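Working notes, structure below.
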Amino acid sequence: CIRDSFASYIIGYAKKNEVEVIVDDVTKTEVVIQGELGIEVEYDEILKGINGYISYQQDRYGYKIPDTPEENVPAVDGSDIYLTIDANIQRIIEAEVNKVVDEYEPEWLTINVMDAKTGDILGSVSEPSFDPNKLNLTNYENPLTSFVYEPGSVMKIFTYMCAMEKGTYKGDDTYKSGSIDIEGTKIYDWNRVGWGEITYDHGFEMSSNVGTVNIMQNFLTKDDLKQCLTNYGFGSTTGIELPRELSGSLVFNYPVEVAAASYGQGITTTPIQQLQALSIIANDGYMIKPNIVSKIVSNGEVTYERTIEKSNRLVSHNTVEQIKQLMYNAVNN
């Protein structure tokens with residue numbers, strides 16, 4: 001099943017626009033094709049190439065005057081840009097999005113697939129989307145890179161990982177789940193009553209908000225958490241080859257804000273940041289930069305070829321193995 005909007009936010013679109021140009025001190029209006037979204041706008045200059053022309057003198061009837069100077073400038077083709085998108089994976093997730101939209105009618109939805117070892121984006125779908133042939137857009141930004149949101153409980157992975165890396169985390173220690181009071185504000189677990197006295201390891205499996213708040217009370221400081229999240233790529237752009245990427249926000253200062261940040265509320269991230277940060281776990285503590293462009297070919301010559309960009313070690317092997325075990329337990333226990 002291929003939608004008319006196949007990878008539309010990634011590819012983007014170009015359209016004809018009228019622009020004013022000055023030629024020999026004379027202002028003229030020309031019609032040009034300009035990229036306005038996605039790869040089309042990010043690489044507009046090298047995609048459009050250079051127009052060719054023939055210049056000569058002509059008589060009053062429009063015929064060329066013999067034996068007069070003539071200038072012939074050939075056109076230069078634009079570059080070819082090869083994406084990292086895998087067409088088969090793209091088709092699969094496009095079909096899944098169709099099913100979800102038909103059954104649940106979500107306000108918005110995005111599914112993105114990244115090769116954790118290379119950073120290549122293999123598939124990216126968003127809904128609502130648009131047909132580039134009709135330009136029936138309701139949103140002019142790509143949710144993968146240009147939409148920030150409160151990530152919620154997925155951030156517990158990074159709070160736990162930060163405490164493990166600091167060396168203060170004690171997974172067998174226990175806390176009282178259900179609720180906790182932070183300066184007069186009650187914070188609850190998702191079922192509001194909790195699971196009684198449980199270990200921090202079990203709290204991860206149950207996605208306990210109170211567990212991560214207790215981690216901030218006992219194992220981490222505000223500065224610890226902010227530094228970890230910054231190291232993991234949150235709060236700054238990834239540098240993927242797409243326009244208007246947003247950085248999100250890691251603003252939390254007061255105790256209640258710090259508590260909320262530990263389980264992903266009050267801060268904002270982008271989907272591409274989540275993929276990049278999770279690559280730390282897939283690469284034994286090293287973070288991989290995301291890519292959407294595989295190579296660029298200009299006039300038959302490869303002028304750019306993506307390389308794998310890996311960070312310095314951010315997390316130890318032991319921490320990675322520990323967080324992987326907790327993630328496995330969360331799914332399988």
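Among the residues of region 307-333, the ones that are open to solvent by 80 Å² or more (accessible area, probe 1.4 Å), among the aliphatic types (A, V, I, L, M) and in a helix (DSSP H, G or I) come to 1 in all. Applying the condition of being charged (D, E, K, R) and either assigned to a loop (DSSP other than H, G, I, E, B) or at pLDDT 95 or above (or both) to region 60-79 and asking which residue is most open to solvent (accessible area, probe 1.4 Å) yields 60. Selection of region 110-128 for residues being open to solvent by 20 Å² or more (accessible area, probe 1.4 Å) and touching a Ser or Thr at 6+ places or on another chain (Cβ under 7 Å) yields 110, 112, 116, 120, 122, 128.
Can residue 165 be described as of a type in the set (D, E, K, R), surrounded by 14 or more Cβ atoms within 10 Å (Cβ to Cβ), touching a Leu at 6+ places or on another chain (Cβ under 9 Å) and part of a helix (DSSP H, G or I)? Judged against the criteria, residue 165 is a match. Quick check on region 125-132. Is at least one of its residues under 27 Å from the mean Cα position of the chain (by Cα) and in a helix (DSSP H, G or I)? No, region 125-132 contains no residue that is under 27 Å from the mean Cα position of the chain (by Cα) and in a helix (DSSP H, G or I).
The set of residues in region 253-267 that are crowded, with 20+ Cβ neighbours inside 10 Å and out of contact with any Leu (no Cβ under 8 Å at 6 or more places or on another chain) comprises 259, 260, 263, 264. Looking across region 4-26, just one residue is open to solvent by 60 Å² or more (accessible area, probe 1.4 Å) and in contact with a Phe, Trp or Tyr (Cβ under 9 Å, 6 or more places away or on another chain), and that is 4. The residue that is modelled with the lowest pLDDT, counting only those in region 35-59 that are open to solvent by 70 Å² or more (accessible area, probe 1.4 Å) and in a helix (DSSP H, G or I), is 45. Taken together, the residues in region 87-109 that are open to solvent by 30 Å² or more (accessible area, probe 1.4 Å), part of a helix (DSSP H, G or I), within 21 Å of residue 275 (Cα to Cα) and not β-branched (Val, Ile, Thr) amount to 4.
The values are calculated or read from the model by the stated rules, or taken from the named source; none is laboratory data. Everything quoted here is computed from the prediction, not taken from an experiment. So basically every Cβ, Gly included, is an ideal-geometry build from the backbone, and we count neighbours across all protein chains shown. In case anyone asks, the SASA skips ligands and DNA or RNA and just uses the protein heavy atoms, side chains included. Shrake-Rupley method; radii C 1.70, N 1.55, O 1.52, S 1.80 Å.
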